[in-house]
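Read the structure below first, then the notes.
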Amino acid sequence: MYLNMFGGSGLLHILAGHPRLVAAFGLAGAVGLLASPVGPGTYRGTAAYASAVERVVQDRGTGLTIANAERQANEELNGTRDQLEPLVRRTIAACGPACSDVSIDSVFGDRSLLRQVLVLDAIYSHVDTTTPIGNGSGK
């Protein structure tokens, strides 16, 4: 499990590296699977755990969701900071306290991280409004 003392940016990178988890469980669900206030855990251990869960999840329609999110993120990268900042804020907020040490400036200072956050946001926007698992409301 991911311990918050290792920094939210590590968790954000794990989430970005395992988009199938986010597509299958929603952003809050994926964070819930990986974050633990009581440990034990390390970045490497959490990434291995995320990979194991992702193998079990398999497709469940996540491939198309991820491909669409990647296309959307590539298009959004051409936007201005004023256009993208609300998306970045929404994603970090949805990640919750485990990502609270990630600053908006650090995301915009790393184009690769910005793209990853935009992919997560696109998945989050799709999954959390279309699937019972993702939105947690059973809609």
Of Val56, Val119, the only residue that is under 13 Å from Gly26 (Cα atoms), of a type in the set (A, V, I, L, M, F, W, C) and either in a helix (DSSP H, G or I) or free of Cβ contacts under 8 Å to residues at least 12 places away in the same chain (or both) is Val119
Going by the conditions given, is Gln83 in contact with a helix residue (DSSP H, G or I) (Cβ under 9 Å, 6 or more places away or on another chain) and closer than 17 Å to Ser112 by Cβ?
no
Quick count over the stretch 72-99, residues being hydroxyl-bearing (Ser, Thr, Tyr) and farther than 14 Å from Leu15 by Cβ, is 1
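Throughout, read-outs are computed from the coordinates displayed, never taken from laboratory work. Note that the structure is a prediction, hence the values are computed from the model and not measured. Positions of Cβ are generated from backbone atoms using ideal geometry, with glycine treated the same way; all protein chains shown enter the neighbour counts.
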